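The values are calculated or read from the model by the stated rules, or taken from the named source; none is laboratory data. Treat the numbers as computed from the prediction; the structure is a model and nothing was measured. Methodologically, a virtual Cβ is constructed for each residue, glycine included, from the backbone with ideal geometry; neighbour enumeration extends over all protein chains shown. The accessibility values were calculated without ligands, DNA or RNA, using every heavy atom of the protein model including side chains. Shrake-Rupley method; radii C 1.70, N 1.55, O 1.52, S 1.80 Å.
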Amino acid sequence: MKLRFAPSPTGFLHVGGARTAIFNLLHARRHGGKMLLRIEDTDVERSKQHHAEQIVASLQWLGVEWDEGPFYQSDRLELYRARAGELVASGKAYRCYCTVEELEAERNAAEKAGIAYRYSGRCRARFVGAAALSGTDEHIIRFKVDPGTIAFHDLIRGDVQFEGELIDDFVLLRSDRNPTYHLSVVVDDIDMQITHVARGDDHLSNTPKHILLFRAFGADVPVFAHLPLILGSDRKRLSKRTGATSAEEYRDLGIVPQALFNFLVLLGWNPGHDQELINANDAAGVFDLSDVNKAPAIFDAEKLLWMNGQYMMRMSSDELYPHLVPFLGERVKPLEEIRAVIELHKSRARTLKELAAQIEPFLVADDAIEYDAEAEKKHLKGEDVAARMSELRDALANTQPFDVATTEQSLRALAESRGLGAAKYIHPLRLALTGRGASPPIFDVAVLLGKEKTVARLDRLLAKLR
Ligand code: GLU
């Protein structure tokens, strides 16, 4: 069994494409087959090398590991030309010399008559000597589509059929001798011994053409699986309107690759139980293309955030660290210095970006803590606040050992001795240490910062209060 993921490098890796890649990978892994990566870059206008590189990088980031490739179709143009020539030689394809004007006239006539335009096929009969007639050899090569039903069984769609009568004599080679998608995709699927073609639903109407080509080449027709569309939360085709659409954008938003992988696996497939968290290995143990849902899948970005939070919570600080580094910018610190800080925060954030923002107070100098205006208004109240904080500062400066239980004891004993609630100390302390109104349990925060910084940050708050 051999599958392929065959993106056209005309943009970033779309999440729909990423899901196609994942489904190909999982089906191959489940059945002990192989998957290859093929870059379909024969459209010279729209294909860009940097897009190909981005797609490769996104797949690697996502953990989609192909077995062969990437192959570039632009390296294989001579093969496509030769194969088109073979079909002409065997009478299954023909040279078409129709001019743009002639085709235009045909199209206009069809429009006037109110019928769907199809190429008349006139060059099937007239090609002999046409070059001589026109004085040029400029031509395209068309495939001869004969009438008759083309039926196939799609692993997802079930039985599908198309009528040959409704299919144009489609183009294989353009006048610049570049292949069309139909030709290059089938030549490659044959040459690369592809047994299963899983691709987006938008290719369904291309499939009868491809089947005719496989047959014309005398090759086995692969098994097809057309994956349903992915819709946005507005139930329309996923687009920028409702959020990010590329794997790269989700990476930049702070989604860990394992979470995006898991989320995409569940777009149109489930492992047969409603447990949402499933890793790549476990999915590969049970996945089958024939279990993919026919109905379009809905991309629920909220669910992705939830799932990402679940993954971050379950990952160790060591695992998270390399993913987090790009979000820390120049504030980055060695893992040893912030391992415990990550540990304390990782179950409180839904994205790496949020996590980076939350741990910021641990990465900056004491005098760089900025006080959140709202938290300040709320927690620096009362005439006695400076006195309270001053006493707390001294109590903590004298706390020994400076651990979670003992610091908590010191604060509570002080509050009690003054007949005040502990909250009167805890909230301003949080503001002093983090600048924020919310954080992990404040004694954990204080201990992680250490006595020296805790006292320094309280001094700084006091200076502001006086
Ligand atoms: N290159 C095509 C695309 O990006 C996919 C072709 C195929 O899978 O057959 O849509």
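Which of (1) under 30 Å from GLY254 (Cβ atoms); (2) surrounded by 15 or more Cβ atoms within 10 Å (Cβ to Cβ); (3) more than 18 Å from the chain's Cα centre (by Cα); (4) not small (Gly, Ala, Ser) is the odd one out, the single condition LEU59 does not satisfy?
(3)
Pull up region 188-232, narrow it to residues that are small (Gly, Ala, Ser) and open to solvent by 10 Å² or more (accessible area, probe 1.4 Å), then point me to the one that is nearest to the ligand (Cβ to nearest atom).
Only one residue tops the list, namely GLY200.
Let's see how each residue does on (1) at positive phi; (2) of a type outside the set (Ser, Thr, Tyr); (3) touching a helix residue (DSSP H, G or I) at 6+ places or on another chain (Cβ under 6 Å):
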{"position": "ASP191", "(1), (2), (3)": "no, yes, no"}
{"position": "HIS196", "(1), (2), (3)": "no, yes, no"}
{"position": "ASP201", "(1), (2), (3)": "no, yes, no"}
{"position": "ILE230", "(1), (2), (3)": "no, yes, yes"}
{"position": "GLY243", "(1), (2), (3)": "yes, yes, yes"}
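Taking interchain pairs and intrachain pairs at least six residues apart, which have beta carbon atoms under 8 angstrom, with the first residue in region 1-21 and within 20 Å of ASP252 (Cβ to Cβ) and modelled with pLDDT of 95 or more and the second among the aromatic types (Phe, Trp, Tyr) and more than 8 Å from the ligand (Cβ to nearest atom)?
Matching pairs, first to second residue: VAL15/TYR250; VAL15/PHE299.
List the residue pairs whose Cβ atoms are under 8 Å apart, where the first residue sits in region 197-221 and is within 15 Å of LEU155 (Cα to Cα) and assigned to a loop (DSSP other than H, G, I, E, B), the second is more than 8 Å from the ligand (Cβ to nearest atom) and open to solvent by less than 30 Å² (accessible area, probe 1.4 Å), and the two are 6 or more positions apart or on different chains.
VAL221/PHE152; VAL221/ILE211; VAL221/PHE214
Consider PHE263 carefully, then state whether it is aromatic (Phe, Trp, Tyr), touching a Lys or Arg at 6+ places or on another chain (Cβ under 8 Å) and under 24 Å from ASP154 (Cβ atoms).
no
For region 353-370, name all the residues that are farther than 12 Å from ARG436 by Cα and open to solvent by less than 50 Å² (accessible area, probe 1.4 Å).
Result: LEU355, ALA356, PHE362, LEU363, VAL364, ASP366, ALA368.
What are the residues in region 10-46 that are open to solvent by 20 Å² or more (accessible area, probe 1.4 Å) and of a type in the set (A, V, I, L, M, F, W, C), if any?
Of everything in region 10-46, those that are open to solvent by 20 Å² or more (accessible area, probe 1.4 Å) and of a type in the set (A, V, I, L, M, F, W, C) turn out to be PHE12, VAL44.
Taking the options LEU13, LEU62, name whichever one is within 14 Å of the ligand (Cβ to nearest atom) and out of contact with any Cys (no Cβ under 8 Å at 6 or more places or on another chain).
Step by step, each of LEU13, LEU62 is checked, and only LEU13 is within 14 Å of the ligand (Cβ to nearest atom) and out of contact with any Cys (no Cβ under 8 Å at 6 or more places or on another chain).
Looking at LEU267, is it crowded, with 18+ Cβ neighbours inside 10 Å, within 15 Å of the chain's Cα centre (by Cα) and within 28 Å of ALA151 (Cα to Cα)?
When the stated conditions are applied, LEU267 passes them.
With the structure loaded, tell me whether ARG241 is within 15 Å of the ligand (Cβ to nearest atom), open to solvent by 60 Å² or more (accessible area, probe 1.4 Å) and at pLDDT below 95 or whether it fails that test.
No, not satisfied.
Is there a residue in region 69-89 that is aliphatic (A, V, I, L, M), free of Cβ contacts under 8 Å to residues at least 24 places away in the same chain and within 16 Å of the ligand (Cβ to nearest atom)?
Scanning region 69-89, I find no residue that is aliphatic (A, V, I, L, M), free of Cβ contacts under 8 Å to residues at least 24 places away in the same chain and within 16 Å of the ligand (Cβ to nearest atom), so the answer is no.
Do we find a residue being of a type outside the set (S, T, N, Q), free of Cβ contacts under 8 Å to residues at least 12 places away in the same chain, away from the ligand (no atom under 14 Å from the Cβ) and farther than 21 Å from LEU229 by Cβ anywhere in region 38-49?
yes
Has region 150-157 got at least one residue that is buried (at least 19 other Cβ atoms within 10 Å of the Cβ) and among the basic types (Lys, Arg)?
No; the residues of region 150-157 include none that is buried (at least 19 other Cβ atoms within 10 Å of the Cβ) and among the basic types (Lys, Arg).
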